[in-house]
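The values are calculated or read from the model by the stated rules, or taken from the named source; none is laboratory data. Just so we're clear, the structure is a prediction, and the values are computed from it rather than from any experiment. Positions of Cβ are generated from backbone atoms using ideal geometry, with glycine treated the same way; all protein chains shown enter the neighbour counts. Accessible surface areas use protein heavy atoms only, side chains included; no ligands, DNA or RNA. Shrake-Rupley method; radii C 1.70, N 1.55, O 1.52, S 1.80 Å.
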Amino acid sequence: MYLIIIFVKKLAIILDVSLLEDLTDKKFVVCPAWPYVNAVPHLGTVLHLLSADIYVRYLKLRGANVISATGSDCHGTPIEVAALTEGISPEELVNRHHIQILELLHTWNIDLNYSKTANSFHYQWVQDFYRRCFENGFIFSKEIDQLYCETDKRFLPDRFVEGTCPHCKTPGARGDQCDSPACGKPLRPVELISPLCKICGKPPVFKSTTQWYYNFGAFQEELTDFIHRNQNFPDNARKFSNHILEEGLQARTLTRDLAWGIPAGPAIPEAEGKSIYVWLEAVLGYVSASAELGLRLYKDPDYWKQFWLDQDTRTIFFIGKDNIFFHTLLFPALLLGTKDSYGDPFVLPYNVSTTEFLIFDDKKFSKSRGVGIWIDEAAKLLPTDYWRYYLAATRPEIKDTSFTWPELEQRVNSDLNDVLGNYIHRVFVLLHKYFEGKIPECHRLDATDREFVSAIHTVPESVADNFDNFEFKKATSAIIDFARTANGYLSSKEPWKLIKTDITAVETTLYLCVQSVATLSILLSPIIPDSATRIWKVLKQKGSVHNQLLSEAGKLKLNPGSEILESKPLFAKIEREKIQKQLEDIHRKQSKKTKKVKKLPDRRIIPFKDFEKLDIRIGTIRKAEKITKAKNLLKIRVDLGEEIGERQLVAGLASFRNAEELIDQKITVIVNLEPATIRGVRSEGMLLAAVEGKDLGLLIPDKDVSNGTKVS
Ligand SMILES: [Zn+2]
Ligand SMILES: [Zn+2]
């Protein structure tokens, strides 16, 4: 089989016909997973957006009619909880990050149709969508018991509740998932052992409420058939989907008792006051963002229909391996629920490009521990083309992949600088040196020339082949291999020697070399758009390199006699130690900043379990004396009852009380604070007092209680 393919490919080259499918005017919607907007994306989370951007640029080179649809995923309890701790509204938090991400995507040349779910257009679109599903009978209601906080007067879905994981018994598990790396099981709030309200820290109660469900079970057969028929899905997506289908599709809750979300009322009249669960509205953003695009660009409210309601459109999803279910089963089931209420049925996903995880130096990305690089930091460290190249060349397509500094250094210094940059620069310099910057004539070709011409002819197709299979790593290395071949060709021809004896041979060599540079520029344009543009400009070619066609990239199209511009080297070598140091500086500055910011929320709300950690007792002062050389400090001995015994404290009381009048005074003491040595005197606790101006009141119980009594 393999030999036949090689034979057919060779034959195609000889006959100069393309084996690539003609994609001219073929419709595509490219849909990268929507980043959750609680933070700026890091190198791992930007991967889907970057992959989609590269793919869109590639499809345009193929002449396809392509749009993209993505944006910030704004709802859900993590955002609401984060906003609550910062003391701002969810809108404020979301908008701040969304605007920042938009700017960063621009810096990264990620040129996608980027919207957000917290926008009125998406709200209305989703509500209208579910109204149709409701009318078609796919949404039903059920009364269930849920956790309710009587203090905060609200239900506690997802992350509004924490408790002990019923599976691994780890405390601090959240209402939607256990955070323990070894467990990580999805949870429902009611499953938690000893749950506590995340807002006030008190234990919640059960309260019955009505929720609405989407009846996924109704689509069991259609989806089984869909997965079976769709031959494009990669193995992991197919296997995973089949596994879920074998277990049987269950109804899923569509509504939540949350204020931050899309109101369900306009879709389902009785569900007034509920909101639509984030997962079941964010995926619909692929369609709503397409609709928004049509309105913005063409004032056409039906623009999206020519893509989403045409069975020939190819919808392509760039997602992480943990998101397969939502794209191969959940999203299609939702689309099927509208039946033909939009006129025609929706086109179901054509393909998903799933990636494994990108980790950082073998660790998980973590802002608080300073592990990882975020895209704002990356843009400060190196030109974004370097990062784009690195991520494309190491894309985790088969297994989890770890970012490493030596690999970054090697990719930039060797691939970009030594192979690609060096070759292109050499060609430009020689053209200026021998031919005053003019492209020379091509003369008779010898065997080496012909071999090189054949390489120029065939490279676009092999790169396209890789992109069509979502093998970005292979596409990238095919381009670099071609540059290596070109470098070898130039060196073997030794024009610097031949220039004295055979000028026509040198003309032919440099004619072919500069053609190959144009080829490289087009092939590189999806991956490193800035650098490709720079090459194109030096070649003084008409239009933008991004409007070229891949089918023309292997042709010798530059005209002899036309001039090229002077140029500078495209890339520069990097030193990883230097960059690592810069990153550490950035992280240090950031952690100082966040420490400052964090003071505010800390004063607002702490979880009950933090308060519980304090051991506060009643005691009686037995001894008190001034500490020499310290004006304000008293050394005190406190009787804290049988269990704890006597403790020595240092307290700043001297300017408020005489030592003598404190003897036999009842006080309140935190006894489990870390001991401290103050002015050489050890202090094993802290007494509680309220200070107002120049006055001080000691905290004492209003009834006499015995020493050692716990305060709670
Ligand atoms: Zn667990
Ligand atoms: Zn509460």
Packing-wise, with mean Cβ within 10 Å as the measure, how do 101-110, 64-73 rank, highest first? 64-73, 101-110
So, over other residues within a Cβ distance under 14 Å of PHE240, counting Lys, Arg +1 and Asp, Glu -1, the net charge is -2
Among all the lysines, which ones have a C-alpha under 22 Å from LYS239's C-alpha, if same-chain residues fewer than 8 places away are not counted? LYS185, LYS321, LYS399
The size of the Cβ-based charge dipole (Lys, Arg +1; Asp, Glu -1) of region 397-553 about the Cα centre, to the nearest 20 debye, is 620 debye
For region 400-552, state the average projected area of the convex hull of the C-alpha atoms over all orientations, rounded to one decimal in nm². 10.0 nm²
Rolling a 1.4 angstrom probe over the protein chains, ignoring ligands and nucleic acids, what is the accessible area of VAL347 in square angstrom, nearest 10? 10 Å²
Roughly how far apart, in whole Å, are the Cα centres of region 127-143 and region 305-372? 22 Å
Heads up, I need the accessible area for SER194: 1.4 angstrom probe, whole protein in place, Å², nearest 10. 80 Å²
Placing unit charges on C-beta atoms (Lys and Arg positive, Asp and Glu negative, everything else neutral), compute the dipole magnitude of the chain about its Cα centre in debye, rounded to 20. 2360 debye
Which of ILE319, THR509, CYS133, positive extreme of dipole for the chain (C-beta unit charges): THR509
Between TYR36, SER462, LEU408, whose Cα lies farthest towards the positive end of the dipole of the chain when Lys and Arg beta carbons carry +1 and Asp and Glu beta carbons carry -1, centred on the Cα centre? LEU408
Sorting SER712, ALA82, PHE435 by the position of each Cα along the dipole of the chain (Lys, Arg +1; Asp, Glu -1; all at Cβ), the one nearest the positive end of that ordering is SER712
Under the helix-only model (-39500 (n - 2.57) for each DSSP H run of 4 or more, divided by the residues of the chain), the mean residue ellipticity at 222 nm, to 500 deg cm²/dmol, is -12500 deg cm²/dmol
How about LYS589: which lysines have a C-alpha closer than 23 Å to its C-alpha, ignoring those fewer than 8 places off in the same chain? LYS363, LYS364, LYS367, LYS380, LYS578, LYS581, LYS598, LYS599
Check: region 131-271 dipole with +1 on Lys, Arg Cβ and -1 on Asp, Glu Cβ, in debye: 360 debye
Roughly how much of HIS243 is accessible, in Å² to the nearest 10, using a 1.4 Å probe? 100 Å²
Can you pull the percent of the chain's accessible area that's carbon plus sulfur, 1.4 Å probe, other chains left in place? 51 percent
Net charge over other residues, Cβ less than 13 angstrom from the Cβ of ILE101 (K, R count +1; D, E count -1): -1
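Pop the C-beta distance of GLU674 and GLU356 into the FRET formula with R0 = 35 Å and round what comes out to the nearest 0.05. Let's see the in-between values first.
Numbers: r = 43 Å, r/R0 = 1.23.
Efficiency computed from Cβ-Cβ geometry: 0.20.
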Order of exposure, largest accessible area first, which applies to TRP304, TRP496 with probe 1.4 Å: TRP496, TRP304
Specify the inter-centroid distance of region 70-117 and region 161-215, based on alpha-carbon positions, in whole Å. 26 Å
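Going down the list LYS542/LYS568; LYS666/LYS710; LYS433/LYS568; LYS169/LYS202; LYS207/LYS274; LYS613/LYS710, which pairs span over 18 Å between their C-alpha atoms?
LYS542/LYS568; LYS169/LYS202
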Under a cut-off of 18 Å between alpha-carbon atoms, report the aspartates and glutamates in cross-link reach of LYS592, not counting same-chain residues fewer than 8 places apart. GLU86, ASP376, GLU377, GLU584, ASP602
Looking at the chain, what % of its DSSP beta bridges pair antiparallel, to the nearest 5? 75 percent
Per-residue accessible area, 1.4 Å probe, largest first, puts ILE373, ILE398, ILE193 in the order ILE398, ILE193, ILE373
What is the sum of charges around SER492, taking Lys and Arg as +1, Asp and Glu as -1, for the other residues whose C-beta is under 14 Å from the C-beta of SER492? +1
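Of ARG62, ARG622, ARG426, which has the most accessible area with a 1.4 Å probe, and how do the rest follow in descending order?
Values: ARG62 25, ARG622 95, ARG426 65 Å².
Greatest to least solvent exposure: ARG622, ARG426, ARG62.
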Taking a crude spin-label model, label points 7 Å out from Cα along the C-beta direction, the ILE144 to HIS228 distance in nm is 3.1 nm
Rounded to the nearest whole number, the per residue volume of the convex hull around the C-alpha atoms of the chain in Å³ is 215 Å³
Bins of 5 Å from zero: percent of alpha-carbon pairs in region 614-711: 3, 14, 26, 26, 21, 9, 2, 0
